[in-house]
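Only one structure is covered here, and it is reproduced in the block below.
The values are calculated or read from the model by the stated rules, or taken from the named source; none is laboratory data. From a predicted model like this one, the values you see are computed outputs, not experimental measurements. Cβ coordinates were reconstructed from backbone atoms using ideal geometry, including for glycine residues, and neighbour counts include every protein chain displayed. These accessible areas exclude ligands, DNA and RNA; they are computed on the full protein's heavy atoms, side chains included. Shrake-Rupley method; radii C 1.70, N 1.55, O 1.52, S 1.80 Å.
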Amino acid sequence: MREFAFSVPAPEKWGEGLVSVNQGEPVDIDVRVESVHEGMLVSGTIDSEYAGICGRCLTDIVQPVEVEFQELFTYPGDETADFEVQDDHVDLENLVRDAIVLSLPFQPVCQPDCPGLDPATGERLATSPVSEQSGTPDPRWAALQDYTRDHDDDSPRSAPGDTAVRNTEES
């Protein structure tokens with residue numbers, strides 16, 4: 001068993017969503033390599049930072065990302081494997097990239113209780129004072145103003161087959 005600790009810059013941008021690890025961002029790797037019968041068992045942790053925008057209020061964010069990983073690198077043989085030992089070495093780049101990209105949040109937020117943007121003004125709710133709701137409802141919903149639960153309870157209800165019976169009686 002051998003243990004290694006090293007830091008490398010990200011060779012390219014990792015991630016395609018609202019956040020990503022930028023090219024050149026330091027990636028700290030603590031790894032332990034163990035010899036097993038099938039190959040080399042590699043396990044460790046990765047520390048870095050991702051940058052992007054908050055999914056609610058669209059402000060810039062930079063957050064740390066820490067990922068644990070474990071993968072078996074097999075010796076070359078008849079069967080092809082995703083990770084193989086090559087000349088007594090293992091290439092960690094794909095393993096590290098995949099682990100980081102899969103751990104990036106799909107909907108990142110600047111803080112857990114980020115209120116987002118005001119739908120009327122587009123301003124951040126966290127920094128702007130709470131605006132009063134305007135008295136005029138959206139015209140698309142105006143027809144629903146007359147609807148009340150009490151009004152619905154007073155209307156006569158018909159059974160599902162009543163309309164068919166009435167139509168046959170009238171003819």
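Residue under question is ALA159, and the condition is that it be at pLDDT 75 or above, in a loop (DSSP other than H, G, I, E, B) and among the small types (Gly, Ala, Ser); does it hold?
Taking the combined requirement at face value, the residue does not satisfy it.
How many residues are in contact with a Leu (Cβ under 9 Å, 6 or more places away or on another chain) and in a loop (DSSP other than H, G, I, E, B) if we restrict to the range 105-125?
Final tally of qualifying residues: 10.
Specify which of the listed residues (VAL36, VAL21) is open to solvent by less than 80 Å² (accessible area, probe 1.4 Å) and closer than 19 Å to LEU102 by Cα.
Numbers: VAL36 fails: closer than 19 Å to LEU102 by Cα.
Criteria check complete, one pass: VAL21.
Mind checking which residues of the range 77-109 are within 15 Å of the chain's Cα centre (by Cα) and aromatic (Phe, Trp, Tyr)?
PHE106, the sole residue that qualifies.
Within the range 1-76, which strands (runs of 3 or more DSSP E) (wholly inside it) include 1 or more residues that are free of Cβ contacts under 8 Å to residues at least 40 places away in the same chain, closer than 19 Å to VAL90 by Cβ and within 18 Å of the chain's Cα centre (by Cα)?
Per the criteria, 60-74.
Go through the range 90-100 and count every residue that is in contact (Cβ under 8 Å) with a residue 60 or more places away in the chain, surrounded by 16 or more Cβ atoms within 10 Å (Cβ to Cβ) and assigned to a helix (DSSP H, G or I).
Of the residues in the range 90-100, 3 are in contact (Cβ under 8 Å) with a residue 60 or more places away in the chain, surrounded by 16 or more Cβ atoms within 10 Å (Cβ to Cβ) and assigned to a helix (DSSP H, G or I).
So, in the range 48-74, how many residues would count as being open to solvent by 100 Å² or more (accessible area, probe 1.4 Å), of a type outside the set (A, V, I, L, M) and farther than 21 Å from PRO11 by Cα?
The total comes to 3.
I need the full set of residues from the range 17-32 which are out of contact with any Pro (no Cβ under 9 Å at 6 or more places or on another chain) and within 16 Å of GLN63 (Cα to Cα), in order please.
Within the range 17-32, SER20, VAL21, ASN22, ASP28 qualify.
Kindly establish whether THR168 is loosely packed, with under 10 Cβ neighbours inside 10 Å and modelled with pLDDT of 55 or more.
Working: loosely packed, with under 10 Cβ neighbours inside 10 Å: yes; modelled with pLDDT of 55 or more: no.
So THR168 fails the test.
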